[in-house]
Amino acid sequence: MIYLDNNATTRIAPEVLEAMQPYLTEVYGNPSSAHSLGRQMKAAVERAREQVAELLGAAQPSEIVFTSCGSESDNWAIGGFLEQNPTRRHIITTRVEHEAVRNLCEHLAQIGCEVTWLEVNERGELNLDDLRRALRRDTGIVSIMMANNETGVLFPIDEIGRIVRENSDAVFHVDGVQAVGKVPINLKESNVDLFALSGHKLHAPQGIGALYIRDGVKLPPFIIGGAQEHGQRAGTSAVPNIVGLGAACELARKFDEHERIAVLRDRLETALLDQIPNARVNGTTDPAKRLPNTANISFEYVEGENILLHLDKAGVCVSTGSACHSTTKQSSPTLRAMNVPHTAAQGSIRFSLGRYNTEAEIDYTIEVLPGIINKLIEMSPYDEELKALSQKAKRGKG
Ligand code: PLP
């Protein structure tokens, strides 16, 4: 299989598995136990905390708390802040957040919070003047993602943090799940107060995440119980997964092939746009404003779901928009917010590359996809306009 769905999840890196192995077999104590096995487990957790802190550029490891996933980290950050500050119920977020933030904010709006939804333009970018205008005295929390899961568009979190700090007392939460391991992050130099990450997006196992809580920022515990994670999240620590996340962060810190991945992504994007006339990229193509690994391309008048199935048969794994709504038939709220026409949004495919992809895999995808699109256009119940497009595509290819 050629795996081009790394924004959905990633393969566990062999180095990560190797680091985890002892904690799945011979080192099995409870990290809260005082005996030597317990102490070894505890030391492994603290080492992983240092590795995560280092990748994020946190001032100290104690600012990292382990959770079970990115969604938990997002929910804890926003829900916890509101629980702690019941009078500051104005939230600012964007129209293009992942469901973990978007659906939570919709829920909070239903139970009495006021939510300002920042719009994006057709390239998926924010207008920071909208943020300046939205900030108020009673704004409690601003939640803005660093990198979009569907389009790979990056939001300038350093600049956003400065604006939040200069114009309000709000806490700044960043959903960093798609950014970690793909672009540099330096939280100590930023105004970010809370930052969510998820292990399975960077070659650690599923079921482990973390929340960065800046020193001095107060959140109530997410799970009340024992003293694990300094009493902030009770429950026996998932040591093998925590060790895996630490190892994945170290691997990501040393990874120096982002440029190679960007070149492969650009090769794919350029070839598909050249060969398929009804193809368009969703999101900015400015390399400074996008992740190196993501290409969201719409093939107008064709069903994304059909493209996905044909690619799957040909041995290539991709996603239609975000994996989380691949089972619903709705077009993506992110693409709708970007004003992508319905006919194009329905035919959008997200290609998300990773460290294991090769040039040969990209070339194979470029070889098979134009034929699939042609076939789907010919089978399409749409009118003659489409048949004409298909003919044009064939000429382009020939
Ligand atoms: N935030 C973003 C931007 C994501 O892409 C995802 C997962 O796709 C999440 C949050 C949720 O992460 P998890 O799957 O670890 O709950």
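Probing with 1.4 Å while keeping every protein chain in the model, the per residue accessible area of the chain equals 42 Å². DSSP beta bridges fully contained in the stretch 125-222 are about 50 percent antiparallel.
Once backbone amide H atoms are built at 1.01 Å from N, G209 has T67, S68, C69, G199 as its partners under 5 Å, excluding neighbours fewer than 5 places away on the same chain. Tell me the carbon and sulfur percent of the accessible area for the chain, rounded to whole percent, probe radius 1.4 Å. With neighbouring chains kept in place, the figure for the chain is 50 percent.
What net charge do the residues around T294 carry, taking every other residue with its C-beta under 9 Å from that of T294, with Lys and Arg at +1 and Asp and Glu at -1?
Numbers: positive: K182, R265, R290, R350; negative: E150.
Around T294, the surrounding residues sum to +3.
Of the two radii for the stretch 116-250, the radius of gyration is 0.99 times the Kirkwood radius, both from the alpha carbons; that is the Rg over Rh value. When the Cα convex hull of the chain is projected onto planes of every orientation, the mean area is 20.0 nm². Rolled with a 1.4 Å probe across the full set of protein chains, the surface gives E305 an accessible area near 60 Å².
Taking all protein chains as they are arranged and a probe of 1.4 Å, the heavy atoms of T236 leave approximately 90 Å² accessible to solvent. Between 0 and 90 degrees, the angle of helix 304-313 with respect to the longest Cα principal axis of the chain falls at about 90 degrees.
A Förster distance of 22 Å, applied to the separation of the beta-carbon atoms of V263 and T9, puts the FRET efficiency at 0.40.
Mind checking which of Q232, Q330, Q275 has the largest fluctuation in a GNM of the chain, springs on alpha carbons under 10 Å? Of the options given, Q330 has the highest mean-square fluctuation.
Taking only the C-alpha atoms of the stretch 231-277, Rg followed by Dmax gives 19.3, 57 Å.
Using R0 = 45 Å, the C-beta based FRET efficiency linking F255 and M379 works out to 0.60.
Each label was represented as a point 7 Å from its Cα along the Cα-to-Cβ direction; for D129 and E46 these points are 5.2 nm apart.
Cross-link pairs exceeding 21 Å between alpha carbons, from the set K218/K289; K42/K254; K188/K254; K182/K254; K182/K289; K42/K201: K218/K289; K42/K254; K42/K201.
Couplings 3J(HN,Hα) for the stretch 167-183, derived from phi with the Karplus relation 6.51 cos²θ - 1.76 cosθ + 1.60 (θ = phi - 60°), are 10, 6, 9, 5, 8, 10, 9, 10, 7, x, 4, 8, 8, 5, x, 10, 9 Hz, where x marks Gly and Pro. Each stretch of four or more DSSP H residues adds -39500 (n - 2.57); spread over every residue of the chain, this sum gives -13000 deg cm²/dmol at 222 nm. Taking V27, V45, V120 in turn, the Gaussian network model of the chain (Cα-Cα springs below 10 Å) assigns the largest fluctuation to V27.
A Cβ-based charge dipole, computed about the Cα centre of the chain with Lys and Arg at +1 and Asp and Glu at -1, lands at about 200 debye. Let me check I've understood the local charge: for A109, count other residues with C-beta under 14 angstrom from its C-beta, Lys and Arg +1, Asp and Glu -1. What total comes out? Net charge around A109: 0. In this Cβ point-charge picture (+1 for Lys and Arg, -1 for Asp and Glu), the stretch 14-94 has a dipole of about 320 debye about its Cα centre. Averaging 1/r over each pair of different alpha-carbon atoms in the stretch 196-296 and inverting the result gives 17.0 Å, the Kirkwood hydrodynamic radius.
Averaging over all projection directions, the Cα-based convex hull of the stretch 245-373 occupies 8.5 nm² in the image plane.
Farthest toward the positive end of the dipole of the chain, out of G244, A44, N306, is the Cα of A44, where the dipole comes from beta carbon charges about the Cα centre. Which angle from 0 to 90°, rounded to the nearest 10, does the C-alpha axis of helix 14-24 make with the longest principal axis of the chain? Computed tilt is about 40 degrees. Proximity of backbone amide H atoms, modeled 1.01 Å from N, is registered between S348 and F299, G304 at under 5 Å, excluding neighbours fewer than 5 places apart on the same chain. Each pair of Cα atoms in the stretch 1-152 enters the Kirkwood radius, and Stokes-Einstein at 10 °C and 1.306 mPa s then converts it into a translational diffusion coefficient of 85 µm²/s.
With each label modelled as a point 7 angstrom along the Cα→C-beta vector, the S33-T87 pair spans 4.9 nm.
Assuming charge only on the beta carbon of Lys and Arg (+1) and of Asp and Glu (-1), the dipole of the stretch 129-183 about its Cα centre is about 100 debye to the nearest 20. Tally Lys/Arg at +1 and Asp/Glu at -1 over every other residue whose Cβ is under 13 Å from the Cβ of V52; what's the total? Taking every Cβ under 13 Å from that of V52, the sum is -3.
Just subtract the alpha-carbon distance of K218 and Q330 from 0.36 nm times their residue separation and send over the number in nm, one decimal.
Separation in residues times 0.36 nm, less the Cα-Cα distance, equals 36.5 nm.
The values are calculated or read from the model by the stated rules, or taken from the named source; none is laboratory data. On a predicted model such as this, the values are computed, not experimentally measured, just so you know. Cβ sites come from the backbone with ideal geometry, for glycine too, and all protein chains shown count toward neighbours. Side chains are part of the model used for accessible areas, which takes the heavy atoms of the whole protein and leaves out ligands, DNA and RNA. Shrake-Rupley method; radii C 1.70, N 1.55, O 1.52, S 1.80 Å.
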